[in-house]
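Colleague: My structure is below; once you've seen it, I'll send some questions.
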Amino acid sequence: MELCRNIHQIRIDFQVTETVSRYVFIYLITGENCYLIDTGTAGSEHQIAAYMTAIGRSIREIKAILLTHSHPDHMGGAAAVQRASGCNIYASCREQTWIENIDIQFRVRPVPNFYKLLKEPAAVDHPLKDGEQICLEPGLTSISLETPGHSPGSLTYLFNEKHILFTGDAIPARDDFPIFSDLPKSLSSLHKLSSLPDILTCCPAWDRVYRREEMSSRIRQAEALLRSLDSCIQTALGRADLKPGEEKLNYICGSMGWNPAFINPLLKKALLYQCSALRNIQR
């Protein structure tokens, strides 16, 4: 779907398990050449190629992939697209290891069906730090902004000429459990995004496109959710009658109105990690 001139949104549907369906939005930027923001899961290169053919372009025209982070639903098709086009891959220097050695990523973050969603590593040609400029072609320059929290090295890409922002998973999805590797960093990243001036359009990976006012509203909602969650974690840690682990986890979920039996395993792991990290700080 063309969102505006030269900016296209492509929805990639995939199965986490036989019963759990998900989707992710990736973005195609067209100009003299073509550029991708993320690639979706393994096999998504076929859908990308078909979409590009339908709009009169070719996957061979892709000159760069800008990865927001290293999770399977964002980089699963990167190696295949790179082979088909010879393009360069830009990604966070903090997640280069996870992109180039997916076995390490799996050991740290063993999501269901990991090796179906992400079948092969990809080579990062340009490891990025916060604030680096990427000159793709005349009139098309991106700035990489570090927005960690969902993952350790999540990047947001700002295109000043178009006043558009590609946020990946930095803004928690509506009506879903928040997924994070570091809750305080997620909050800091949301504040960073809300402080950016002159943004007209925000393109997330988990939701439809936001215009400026809705983006601000969504960030405020996400901040409120994470602050509430942080407060519940702090309270749980202060309850001596709750045993570490499942009892504290059940208390947190109950306080948030979540059924512990149905929470995402990644959220469960994140909550237990956050409790452990805060407990170590308090010692």
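Colleague: Within 10 Å of each candidate Cβ there may be at most 16 other Cβ atoms; applying that plus a DSSP loop requirement, which trypsin sites (Lys or Arg not before Pro) in the stretch 1-57 survive?
Modeller: Taking the stretch 1-57 and a limit of 16 other Cβ atoms within 10 Å, the loop trypsin sites (Lys or Arg not before Pro) found are ARG5.
Colleague: Where in the chain is the longest stretch that carries no GluC sites (Glu not before Pro) classed as loop by DSSP and with at most 12 other Cβ atoms within 10 Å?
Modeller: 33-160
Colleague: Report, in deg cm²/dmol and to the nearest 500, the calculated mean residue ellipticity at 222 nm for the chain, where each DSSP H run with n ≥ 4 adds -39500 (n - 2.57) and the sum is divided by the residue count.
Modeller: Computed ellipticity for the chain at 222 nm equals -11500 deg cm²/dmol.
Colleague: Hey, any idea what the orientation-averaged projected area of the convex hull of the stretch 111-165's Cα atoms comes to, in nm²?
Modeller: So the mean shadow area of the Cα hull is 5.2 nm².
Colleague: Something else now. Return a whole-number percent for the relative contact order of the stretch 28-157, with Cα pairs under 8 Å and 6 or more residues apart as the contact set.
Modeller: Relative contact order, the stretch 28-157: 23 percent.
Colleague: Then there's this: With everything on Cα atoms, drop me the angle between helix 44-54 and the longest principal axis of the chain, reported from 0 to 90° to the nearest 10.
Modeller: The angle comes out near 40 degrees.
Colleague: Just the number: Rg to Rh for the stretch 228-282, Cα atoms, Kirkwood Rh, two decimals.
Modeller: Radius of gyration relative to Kirkwood radius: 0.92.
Colleague: What list of ³J(HN,Hα) couplings, whole Hz, do you get for the stretch 81-97 from phi and the Karplus terms 6.51, -1.76, 1.60, once you set θ to phi - 60° and write x for glycine and proline?
Modeller: 3J(HN,Hα) across the stretch 81-97, in whole Hz: 5, 4, 5, 6, 10, x, 6, 8, 10, 10, 7, 5, 5, 6, 10, 4, 4.
Colleague: Test of the criteria: in the stretch 108-208, which trypsin sites (Lys or Arg not before Pro) are in a DSSP loop and have at most 13 other Cβ atoms within 10 angstrom of their Cβ?
Modeller: Here the sparse-neighbourhood loop sites are LYS129, ARG174, ARG208.
Colleague: Quick check: the angle from helix 246-256's long axis to the longest principal axis of the chain, C-alpha only, nearest 10 degrees?
Modeller: Roughly 70 degrees between the two axes.
Colleague: Ok, one more. Grab every C-alpha pair in the chain, bin the distances at 5 angstrom width from 0 up to the longest one, and report whole percents.
Modeller: 1, 6, 12, 17, 18, 17, 13, 8, 4, 3, 1, 0, 0
Colleague: Holding the Cα-Cα limit at 18 Å, pick out from LYS116/LYS268; LYS243/LYS269; LYS129/LYS192; LYS243/LYS268; LYS129/LYS185; LYS192/LYS268 the pairs that are longer than that.
Modeller: Exceeds cut-off: LYS116/LYS268; LYS192/LYS268.
Colleague: Let me know the shape class of the stretch 1-127, please: from the alpha-carbon gyration tensor, a ≥ b ≥ c as square roots of the eigenvalues, rounded when a/c is under 1.5, otherwise prolate if a/b is greater than b/c, or oblate.
Modeller: In terms of gyration-tensor shape, oblate.
Colleague: Please tell me the relative contact order of the stretch 87-202 in percent, rounded to the nearest whole number, where contacts are Cα pairs under 8 Å and at least six residues apart.
Modeller: 21 percent
Colleague: If you don't mind, there's one more thing I want to ask. If you add up the charges near THR141, with Lys and Arg at +1 and Asp and Glu at -1, over every other residue whose beta carbon is less than 12 angstrom from its beta carbon, what do you get?
Modeller: Within the 12 Å Cβ shell, the charges total -2.
Colleague: Let me ask another. What fraction of the Cα pairs in the stretch 177-283, stated in percent, has a spacing above 25 angstrom?
Modeller: Summing the P(r) of the stretch 177-283 above 25 Å gives 29 percent of all pairs.
Readers should treat all values here as calculations from the given coordinates under stated rules, not as data from a laboratory. These numbers were taken from a predicted model, which means no experiment stands behind them. With ideal geometry, Cβ positions are generated from the backbone for all residues, glycine too; neighbour counts draw on all protein chains shown.
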